[in-house]
There are 2 protein chains.
Amino acid sequence: MNSPIIDLSSSPHARMQPVSTTAVKLHDKFWQPRRDINARRTIFSQIKQCRETGRLDNFVRAAGKFDGPFQGIFFNDSDVYKVLEAAGWSLATDPDAALDAEVDELIATVAAAQQPDGYLNTYFMFDREGDRWKNLKDMHELYCAGHLFQAAVAHFRGTGKTSLLQVATKFADCIYKEFGPEGKLAACGHEEAEMGLVELYRVTRDERYLVLAQRMVDARGQTPGMFQNSEYHQDHLPFAKQNKMIGHAVRHVYLCCGAADVVLENGNQGFREGLENLWQSFVTSQMYVTGGAGSRYEGEAFGAKYELPNDRAYTETCAAIGSVMWQFRMLQLTGEHRFADVMEHTIINAVLPGLALDGEHYFYENPLENDGTHRRSAWFGCACCPPNVARLLAQLPGYFASQGEGKLWLHMYADMDVEVPDGDGCIKLAVKADMPWQPDVAIHVVEASGPVRLALRVPVWAIGAKLTHGGVTRDVAAGAYVDVQAACGDTINLHLPQTIQQLTSHPYVSSNYHQTAIQRGGVVYCAEQVDQPLHDVRTLRIPANAAVEVTGSSNLLNGVTTLLLTAAVAPKPSAEEPLYSDLRRAEPPVPAEVVLVPYFAWANRDPGHMRVWLPQV
Amino acid sequence: MNSPIIDLSSSPHARMQPVSTTAVKLHDKFWQPRRDINARRTIFSQIKQCRETGRLDNFVRAAGKFDGPFQGIFFNDSDVYKVLEAAGWSLATDPDAALDAEVDELIATVAAAQQPDGYLNTYFMFDREGDRWKNLKDMHELYCAGHLFQAAVAHFRGTGKTSLLQVATKFADCIYKEFGPEGKLAACGHEEAEMGLVELYRVTRDERYLVLAQRMVDARGQTPGMFQNSEYHQDHLPFAKQNKMIGHAVRHVYLCCGAADVVLENGNQGFREGLENLWQSFVTSQMYVTGGAGSRYEGEAFGAKYELPNDRAYTETCAAIGSVMWQFRMLQLTGEHRFADVMEHTIINAVLPGLALDGEHYFYENPLENDGTHRRSAWFGCACCPPNVARLLAQLPGYFASQGEGKLWLHMYADMDVEVPDGDGCIKLAVKADMPWQPDVAIHVVEASGPVRLALRVPVWAIGAKLTHGGVTRDVAAGAYVDVQAACGDTINLHLPQTIQQLTSHPYVSSNYHQTAIQRGGVVYCAEQVDQPLHDVRTLRIPANAAVEVTGSSNLLNGVTTLLLTAAVAPKPSAEEPLYSDLRRAEPPVPAEVVLVPYFAWANRDPGHMRVWLPQV
């Protein structure tokens, strides 16, 4: 199957187009085991959760075949769609007859709930029929529709079947009547439909869906505002004028995805400017060091610039995934490494923490400091995050490469085989890498009908990177794509040092003042109590230029590289230590060893204090 | 009038009893101007707000004389009661015929709304009659009743009139039928009725009200819990077992007030232990350096231990006032200075910031760090804070002194005359002081029929305090009450140095790490942008032992003492400064002068950045 994450093959403003998820076959030790668990366990367990929590019964009920009340939250349809989307992507790369059959059955259940006019939302049935489209601000109808569209596209690309796509286009046509140029200029309180519609356009080439998506972005920030110009709903300003991430974090990053999708298709200049300004604000003042997004529990929202609390970091897993999708779209649009850097960083450090190593427990919030009480759950009443992780892992190979401007772009490296069409022939690469732990990458051109032009990403963290090709080794700049022309049989060696960075925050981030975070290569580390038998994590102190020993074991946390710091520990405060006392009383810290593990793997062992940012000596 | 804030004259477990608010006549430059504004402007403006926002119409409507819907929030009755309470206290110390007449009219309006069975809540009228007492968790019925009781007691003590007291007791009798020993063991989701009922008992000596108050405290933390054992409602544990401030902050401090009131009357040992454990947790791990309470916007709630964010400090003005009321009760119960220390500190640094210098604008939240966007409002939809400030200022003289164990206790000092009964005679003191700015206090015994035993508070901040009496000067310990036996004509001089403290936080408070706050005497300071013409507040850096010059002017902010620090300033980050960068890049700060003003006076001039905690060099 040809199953690119988004299909930009006919998008006039894209600098590159994603390869099919099937074009990249991962067989590495880091990503593929997670994808295996996802395909074999996670997706099935999520379908089971949907069954057991009434999410599927709601569709049966809407079809008139279940005599009982609507169950759960009014937007629960979206979870079913997201699991279907995950399954769709998974069927492309990991065909599975049992899953295929189960998905067919689920789709039949969904299809049976669709109304004759195309409308489909199991909450707004029977006595609630009259409430359809009455409260776009709060009721997530178009949000659910958007997830149906994405699921339908994934299922179509993954299996070639149009069963869910037919449901989706029928509903989209119904929506067009309401909100197309003959209807109302309006959008959903929770963005999502925008990117779903553009994808539906890419599959069907039905221009109406693109028009609708653009209208939904345009609907925000009008005077008067459809949602009283509320910042929470990104209704405070027209998208082109927005210059700060604001309000509900998942919504704003999803809006950015939708706007980017519109730009990729029609080059909308205003949206492009909005996207650039929002991105700048995000990465220079609103993004956690993990890539996480959303500083406030209240409203699951972005905070002010430089407001980045650690213990109360909200950093919803969904917001990180939304950011990954946004970065990916910006990368295809511009070809600029900065988007790939944030994308990779966010997947590793803000998405992966959302999933337990067992593949069946999830974080909704991802604090950067915790006392050990925050643990992953098997499911949630509001279960947006679990299937969001599943769909990302299912489509993951598609994030590794793109084609454009006659080049094959490699965005990330792993043990993998890559095969993409090239004119009438194809290009096959065999990549050897042990990312994110080891610096060396070997890219072997296994098959090619002619010269192969590669654009190889040198990550921003790979200070001192080197490239060897044709017997010549040269320095390459970190934070760039480097062009290489190769031929069949060539091997290109990249040396991407996993530089250890001892990070400090912008001085306006008062919650991180005089604290430091450790990053090695693309991986952000943390101190977990379970690794510090002698000291309380809260008393650890890091000198400005700490000596770091790189260690690790294949057993620990499914095989991670750990760091051993020659650092310090402050005296543990006595039980009588006052909350506020004279500055001069503080006692100096004494030398101590500190063990750090990757943040993405935290909370998989005994509970205890955890901190990403550690006080400096 | 004899108008003690709470009347402990017959309370068997009180170590002292508050003097009448009329016993202390303030004529100082710090408190009395605020009280004058309160009596002449604030209370009247709040009555006007109640009129204009439909809060009074709701009573007229309930009496069947206003044809329209209920207006505003369902607990809006409480605001009217709190304004009446403020007026009641004010009429005691500042008789005002116009206010007295207006209050009589308001009371008539309230009384007319009372139902034949005594029930009184303007929301639960007409079509909502059937919902009375159906949702104690959310609907604040008993909370509103509690404020009626407090208002009635204040009005009775302030004017001698029983008009509102009759309404209150009639409603209390109605409540007793529902929730007394023959009724249901239950309480309100929002505590408040407990302390109101105990006060009603103290006025009427009707034991049923005390029984009811005790039952309401007892109702929390049962198995099963009346509110699903929710922490938000302090229903997670029986009060005696509670050992951490938790959930909605105002509710928990009000609960502590109610429990303390019960202990004062019946010595309940379990409640007393709960109070002590809660207080310890509060002051050693949950209280802001200002005395403020409540770390989270989400749920207006206490946070975990040591969770004290500055920019997102919620520290609701009402929570600070609740804490003051709690400290005051604990002080009367125990005679221990630590409660007076927190009480004074909280009034100055956490209550006063809630009110603008104009007496007509209010803070609901009191952040310790802000970018200048947080400004005081003339009123709120949920207007709990404004009348809470007004009632505290109206009853303020009552916080200055108590009588007990044959002693007259002075808790705070100001230019004031104190006159209290002493056997058949009286004691009159003339106190000279310029608190909180100047160290010297002179207490002159103007009149006394015999020896006068004084217990004089030496605040915990007055390191190096001295007492002079009868020509002898001696050192006295800070953080204590010192006993003095004096005679008519004596003058006792106290020297209470306004020590400058450069504070640090407990090392587990990660949001204050390597930051310092400055306190002089009982006043916490902050840096406001308007005072730093040359530097951005966010770049100020304070050395460990900063030289401080005490300055000030009678014009600035109605006369405050300011501090001039020989400190430093870090280079202002360029617009390109990354959010995260290598630790070693930081440039050293350079010397600079920093002006600090009292935190209570912030946001009364041009908006700009403000910080209480400032980074250390």
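Going 7 Å from Cα along the Cα-Cβ axis for the label, what nanometre distances separate residue A:607 from the same residue across the other copies?
When each copy's label point is compared with this one, the spacings are 4.2 nm.
Just round it to a whole percent: the fraction of Cα-Cα distances in chain A exceeding 42 Å.
22
Just how far, in whole angstrom, is the range B:574-617 from the range B:172-224 if you go by their alpha carbon centroids?
Spelled out, the Cα-based centre of one part sits 50 Å from the other.
Per residue of B:502-509, how many C-beta atoms from partner chains lie within 10 Å of its own C-beta, taken as a mean?
6
Please report the spacing between the Cα centers of the range A:419-488 and the range B:531-572 in Å, no decimals.
A separation of 57 Å, based on Cα centres.
Ignore the peptide's own chain and count Cβ atoms of other chains within 10 Å of each Cβ in A:307-314; give me the average, rounded.
Mean shielding count: 5.
What residue of chain A has the nearest C-beta to the axis that moves A onto B, and what is that distance in Å, given as a whole number?
A:514, 2
May I ask what percent, to the nearest 5, of DSSP beta bridges between residues of the protein assembly as shown are antiparallel?
Antiparallel bridges: around 95 percent, rounded to the nearest 5.
Send over a whole-number figure in Å² for the accessible area per residue of the range B:1-150, probe 1.4 Å.
With all protein chains present, the range B:1-150 gives 37 Å² per residue.
If you project the alpha carbons of the range B:405-495 onto their three principal axes, what span does each projection cover, largest first, in Å?
38, 24, 22
Just want to confirm a number: the relative contact order over the range B:563-612, from Cα pairs under 8 angstrom separated by 6+ residues, in percent.
48
Nearest-5 percent of antiparallel DSSP beta bridges in chain A?
For chain A, the DSSP antiparallel bridge percentage is about 95.
Per residue of B:571-580, how many C-beta atoms from partner chains lie within 10 Å of its own C-beta, taken as a mean?
Taking the mean over all residues of the peptide, I get 5.
Residue B:162 label points, 7 Å along Cα→Cβ, one per copy: pairwise distances from this copy to the rest in nm, shortest first?
When each copy's label point is compared with this one, the spacings are 8.8 nm.
How far apart are the residue B:578 label points across copies, placing each 7 Å from Cα toward Cβ, in nm, shortest first?
Distances between equivalent label points, in nm: 4.2.
List the relative contact order of chain B as a percent without decimals, with contacts defined as Cα pairs under 8 Å and 6+ residues apart.
Computed value for chain B: 13 percent relative contact order.
Only sites in a loop by DSSP and with at most 10 other Cβ atoms within 10 Å count here; which GluC sites (Glu not before Pro) in the range A:165-252 make the cut?
Answer by residue number: A:182.
Among the trypsin sites (Lys or Arg not before Pro) within the range B:77-168, which fall in a DSSP loop and have no more than 15 other Cβ atoms within 10 Å of their own Cβ?
Sparse-neighbourhood loop trypsin sites (Lys or Arg not before Pro): B:134.
Can you list the GluC sites (Glu not before Pro) in the range A:549-598 that are in a DSSP coil and have 15 or fewer other beta carbons within 10 angstrom?
A:576
On a C-alpha basis, how far is the centre of the range A:273-297 from the centre of the range A:43-96 in Å? Whole number, if you could?
Taking the Cα centre of the range A:43-96 as reference, the centre of the range A:273-297 is 32 Å away.
The values are calculated or read from the model by the stated rules, or taken from the named source; none is laboratory data. Source: prediction; values computed, not measured. Reconstructed Cβ throughout: ideal geometry from the backbone, glycine too, with neighbour counts over all protein chains shown. Note: accessible area is taken over every heavy atom of the protein model, side chains too, but ligands, DNA and RNA are not part of it. Shrake-Rupley method; radii C 1.70, N 1.55, O 1.52, S 1.80 Å.
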